[in-house]
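Trainee: Handing you a structure now.
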Amino acid sequence: MRANIGSPHATSYYGETVNKASRMESAGLRNCVRVSTFTRKMLIDRGHHPDSFACCGIHEVKSYGFIAMYLLKVGSWEKCVRDTTDALRRRSSDIALEKRNTA
């Protein structure tokens, strides 16, 4: 069998999709399934109910800019959101306290 030098590999076709998914995951919430608007629409077209998703806002994804994200309401997604919200609240209060102490 002869190898075709320079022919596209499977990674050429899926590389960007896998890269984007990986970056969305690394910017995601622990134990939650986040999907983009396009994926949400595709899942709804295939039978998922629109209420199966919770909007979690617009998030910056490295190299791809800002992307609207949705959480798939499965497993302990509510606990995940609650824990993340609590962590963000603590972080922003720590930042505010730090600003007051340095001013």
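The values are calculated or read from the model by the stated rules, or taken from the named source; none is laboratory data. Model, not experiment: these values are computed from the prediction. Note that we place each Cβ from the backbone using ideal geometry, even for glycine, and neighbour counts take in every protein chain shown.
Trainee: What do you reckon, is Leu71 at pLDDT 85 or above and either among the acidic types (Asp, Glu) or not in a helix (DSSP H, G or I) (or both)?
Mentor: So Leu71 passes the test.
Trainee: I want to confirm something. Restricting to the range 35-61 and keeping residues that are assigned to a strand (DSSP E or B) and among the aliphatic types (A, V, I, L, M), which single residue is surrounded by the fewest Cβ atoms within 10 Å (Cβ to Cβ)?
Mentor: Step by step, filter the range 35-61, then rank; the result is Ile58.
Trainee: Then there's this: From (1) in a helix (DSSP H, G or I); (2) under 20 Å from the mean Cα position of the chain (by Cα); (3) modelled with pLDDT under 75; (4) of a type outside the set (Val, Ile, Thr), pick out the condition that doesn't hold for Leu29.
Mentor: If we test Leu29 against (1) in a helix (DSSP H, G or I); (2) under 20 Å from the mean Cα position of the chain (by Cα); (3) modelled with pLDDT under 75; (4) of a type outside the set (Val, Ile, Thr), just (1) comes out false.
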